[in-house]
Amino acid sequence: MFTIQQLVQPDTLEEAYDVLTRDISNTILGGCAFLRLGSKKIGTAIDLSKLNLNGIKEQGDFIEIGAMTTFRDLEISPVLKESFNGVLPQSVSHIIGVQFRNIVTVGATVYSKFGFSDLLTALLALDTDVELYKAGRMPLAEFLEKSPQRDILTRVFIKKNSCKAVYKDLRNSQSDFPVLNVAVSQKDDRWRVVVGARPLRAQISQQASEELSQGGASPAGIASAARLAAEELSFGSNIRGSAEYRKAMCKVLVERAVTEVLQCK
Amino acid sequence: MQIEAIINNKKVAWEIENDELLADTLRAKGLLSIRQGCDTSCCGLCTVWIEGKPTLSCTTLSFRINGKNVTTIEGIQEEAAAFAQVLVAEGADQCGFCSPGFIMTVLAMKNELKNPAEEEIIHYLTGNLCRCTGYMGQLRAVKKYLGVE
Ligand SMILES: Cc1cc2nc3c(=O)[nH]c(=O)nc-3n(C[C@H](O)[C@H](O)[C@H](O)COP(=O)(O)OP(=O)(O)OC[C@H]3O[C@@H](n4cnc5c(N)ncnc54)[C@H](O)[C@@H]3O)c2cc1C
Ligand code: FES
Ligand code: FES
């Protein structure tokens, strides 16, 4: 269990960032489910509750999700259920239970770039930007490649468009971490294939995405894209599955996801 | 720090530590229905409602209930007893250690979902672990209680 010496609830992001960067032991609090598993000695804990960072809004061309929005908010959001074939609600709906999803937050999850993350895989299949207080706004794919820097993730933006998307995961049992997860999206001729929990972090398979975008999703094209994703990406072993198993299952999940995208309205 | 909250319809002002967890605070204040079955936020035994939403009290820092409504099973005894009777009649209650958290989740589901299908019930209740039973009796009891097939 972590300990907290002092606690602040800043009124502005500027103040929150100032406290965060004052001392290495100062820490932003999300839902604390992950922090709780460790034994960090937090000097000053920074609670973002007063900064209006919870909620899902449609703003112009984007759907905006605040950092303190919980997974349960994503899961039951009418806007998100209606958008992209409900891929975001689907991606979080198997994580532990309702009571847990009423706690864990979008900001902590995206900022922490967890390899096993179900949400990151689905977000990466969409046109997603992240906004950080200091580093500003950038595409999610760029943020995931960057080396970690102390900052506050404030919001996630998803471009509203006609993108169709499907999410697939493989779990040894309900509510366990995923062994592997896949999200596939299609917007007009552009396809995107994302594979996460490899157990490394979600990544776009450029080759599989290109194969589908250029060659179309014929049965042969789908099989070829699935093979390319399994060849291009790297897989590792942990207690949930071996690298070989993940690689084999990657082909299966990609094939299923692409086939289902074709059936999406 | 000091927090003010409404616990089971009663206004309280409590002195708490910054890193105190709600499960510990509630038990220390005599709400002994709160049980903990894990260290990793994944058993559901410690479930309470915060503003009506089922939440793990073992994972929620106590300062976060400041200004909020919290309900434990002590606060909804009639409703809980009505469901508990069905649960017992179906033989779905053995050692009973998981019952308070499970009942709080079932009652939250009743408030949130209208006529849920079996699949929705299972989805809502996943994450409530019980080491004694096989879940089938509980599922029968929940369906009977909700009056759904
Ligand atoms: C037992 C368990 C099982 C899980 N299973 C799954 C699973 O199957 N699939 C899955 O996808 N996920 C899973 N997760 C991860 C979970 O979904 C969350 O992603 C995770 O708990 C982090 O969210 P949190 O709100 O609890 O973060 P916290 O624990 O509060 O914070 C995590 C880290 O993020 C930092 N942080 C918090 N908010 C911000 C912010 N706005 N800006 C910058 N930094 C911030 C914190 O300082 C901390 O370092 C699991 C977690 C646990 C504890
Ligand atoms: S004690 Fe297990 S989830 Fe809270
Ligand atoms: S009845 Fe014993 S743990 Fe559920």
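The values are calculated or read from the model by the stated rules, or taken from the named source; none is laboratory data. Just so it is clear, the model here is predicted, and its values are computed rather than measured. Note that we place each Cβ from the backbone using ideal geometry, even for glycine, and neighbour counts take in every protein chain shown.
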* Structure fact -> Being in a helix (DSSP H, G or I), touching a Leu at 6+ places or on another chain (Cβ under 6 Å) and either more than 16 Å from ligand 3 (Cβ to nearest atom) or farther than 26 Å from A:Arg240 by Cα (or both) narrows A:Gly115, A:Gly107 down to just A:Gly107
* To do: Name the single residue, out of those in the stretch B:133-147 being among the small types (Gly, Ala, Ser) and in a helix (DSSP H, G or I), that is modelled with the lowest pLDDT.
  => B:Gly137
* **Qualifying position, being free of Cβ contacts under 8 Å to residues at least 40 places away in the same chain and either surrounded by 18 or more Cβ atoms within 10 Å (Cβ to Cβ) or outside the structural domain of A:Phe34 (by TED's automatic domain parsing) (or both), among A:Ala141, A:Ala183, A:Ala135, A:Ala122** => A:Ala135
* Consider only pairs whose beta carbons are under 8 Å apart and that are at least six residues apart or on different chains; among these, list those whose first residue lies in the stretch B:22-48 and is assigned by TED's automatic domain parsing to the domain that holds B:Val106 and whose second residue is surrounded by fewer than 17 Cβ atoms within 10 Å (Cβ to Cβ). => none
* Within the stretch A:1-51, tally of residues that are out of contact with any Lys or Arg (no Cβ under 8 Å at 6 or more places or on another chain) and not in a strand (DSSP E or B) -> 25
* **Subset tally (residues that are farther than 13 Å from A:Leu262 by Cα and acidic (Asp, Glu)) for the stretch A:169-226** => 4
* Asked: Since B:Cys95 meets every condition but one in (1) within 16 Å of ligand 2 (Cβ to nearest atom); (2) at pLDDT 95 or above; (3) surrounded by fewer than 19 Cβ atoms within 10 Å (Cβ to Cβ), which condition does it not meet?
  -> (2)
* Output the number of the condition that B:Gly30 fails; it satisfies all remaining conditions of (1) away from chain A (no Cβ under 11 Å); (2) crowded, with 20+ Cβ neighbours inside 10 Å. => (2)
* Going by the structure shown, is A:Gly97 within 14 Å of another protein chain (Cβ to nearest Cβ), within 16 Å of ligand 3 (Cβ to nearest atom) and modelled with pLDDT of 95 or more? -> yes
* Asked: Could you list, in sequence order, the residues of the stretch B:46-71 that are among the β-branched types (Val, Ile, Thr) and surrounded by fewer than 22 Cβ atoms within 10 Å (Cβ to Cβ)?
  -> B:Ile50, B:Thr71
* Among the residues of the stretch A:211-231, which ones are free of Cβ contacts under 8 Å to residues at least 24 places away in the same chain and surrounded by 15 or more Cβ atoms within 10 Å (Cβ to Cβ)? -> A:Glu211, A:Gly221, A:Ser224, A:Leu228
* Asked: strands (runs of 3 or more DSSP E) wholly in the stretch B:22-132 with at least 1 residues that are within 16 Å of ligand 3 (Cβ to nearest atom) - which ones?
  -> B:47-50
* To do: Sort out which residues of the stretch A:188-202 are in contact (Cβ under 8 Å) with a residue 40 or more places away in the chain and assigned to a loop (DSSP other than H, G, I, E, B), and write them in order of number.
  => A:Ala197, A:Arg198, A:Pro199, A:Leu200, A:Arg201, A:Ala202
* To do: Scan the stretch A:60-82 residue by residue and report those that are loosely packed, with under 15 Cβ neighbours inside 10 Å and either in the same structural domain as A:Gly30 (by TED's automatic domain parsing) or small (Gly, Ala, Ser) (or both).
  => A:Gly60
* **Residue list for the stretch A:143-168, filter: more than 13 Å from the chain's Cα centre (by Cα) and closer than 22 Å to A:Ala226 by Cβ** => A:Cys163, A:Lys164, A:Ala165, A:Val166, A:Lys168
* Asked: Out of A:Ser175, A:Ser185, A:Ser209, which single residue is in contact with a Phe, Trp or Tyr (Cβ under 8 Å, 6 or more places away or on another chain) and not in a strand (DSSP E or B)?
  -> A:Ser209
